[in-house]
Amino acid sequence: AELQAVLAAAKAVDLKDQAAIDAAVEALDEAIYNLGDISATADTTKKAIAAAKALAEADYTVATWALLLKAIETAEASLASGDADVMDAATVALNEAVAELISIAELNALIAEAEALVAGDYTNASWSALAVALRAAKAALVATSQVTVDNAAANLAAAKAALVNTADLQAAIADVEA
């Protein structure tokens, strides 16, 4: 769009005015140069969109994923604008949305591991500590900071590691009594 406007202005230049001719040539050169910028900017925007779309929704909080989807939508719309500044701004916003995603992948894995355990295999005290950490971990799935999620994951992992397993002892006693 900008190149067409500059071209139309250049065609209307008074050919008797050297300063106007020089200005038109400079404007055309700049518009042509900017086309290269737009192409490079569009490539950068497309790469950022592709990278964002390659992420897995289940690995991030619902709130931060929604922000990412909005940023992807804006970046895709910026491509149609043909404006390098609009594409640059949308790409920056998209990269920020990716950087601000709150990952819950590790926490989800720890929750699944904890939920697969059997309460009767552990002492009541150690199981109670795990249950408290598990409730806190589930609450952290909607946290607004990565630190909160990471702390919940660390606490759940520590509670799981601190479980006192009585299953082997119970089995040995059952064998002896049988």
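The values are calculated or read from the model by the stated rules, or taken from the named source; none is laboratory data. Keep in mind that this is a model prediction, so the values were computed, not measured. Here the Cβ is made from the backbone with ideal geometry for all residues, glycine too, and neighbour counts use every protein chain on show. Remember, those area values only see protein heavy atoms, side chains included, never the ligands or the DNA or RNA. Shrake-Rupley method; radii C 1.70, N 1.55, O 1.52, S 1.80 Å.
Here are a few things to note about the model shown:
- Taking Leu110, Leu55, Leu69 as the candidate residues, the one with maximal mean-square fluctuation in a Gaussian network model of the chain, Cα springs under 10 Å, is Leu55.
- Comparing Leu169, Ser126, Asn155 along the charge dipole axis of region 119-178, the residue lying farthest to the positive side is Asn155, per the Cβ-charge model.
- Overall, the accessible surface of the chain at a probe of 1.4 angstrom is composed of carbon and sulfur to the extent of 60 percent.
- Student exercise, the chain dipole from Lys, Arg, Asp, Glu Cβ charges, in Debye to nearest 20: 560 debye
- Rounded if a/c under 1.5, otherwise prolate or oblate - region 59-115, Cα gyration tensor axes: prolate
- Sequence ranges 113-120, 133-140, ranked by mean other-Cβ count within 10 angstrom, highest first: 133-140, 113-120
- Taking the charge dipole of the chain about its Cα centre, with +1 at Lys and Arg Cβ atoms and -1 at Asp and Glu Cβ atoms, the residue from Ala5, Gln146, Leu55 reaching farthest to the positive side is Gln146.
- Tail weight of P(r) past 27 Å, computed on alpha-carbon pairs of the chain, percent: 57 percent
- The count of lysine pairs in the chain that are at least 8 places apart or cross chains, and whose C-alpha atoms lie under 20 Å apart, stands at 4.
- 0 to 90° range, to nearest 10: angle between helix 62-81 axis and the chain longest Cα axis: 20 degrees
- The packing ranking, built from the mean of other Cβ atoms within 10 Å per residue, places the peptides 44-50, 11-17 in the order 44-50, 11-17, highest first.
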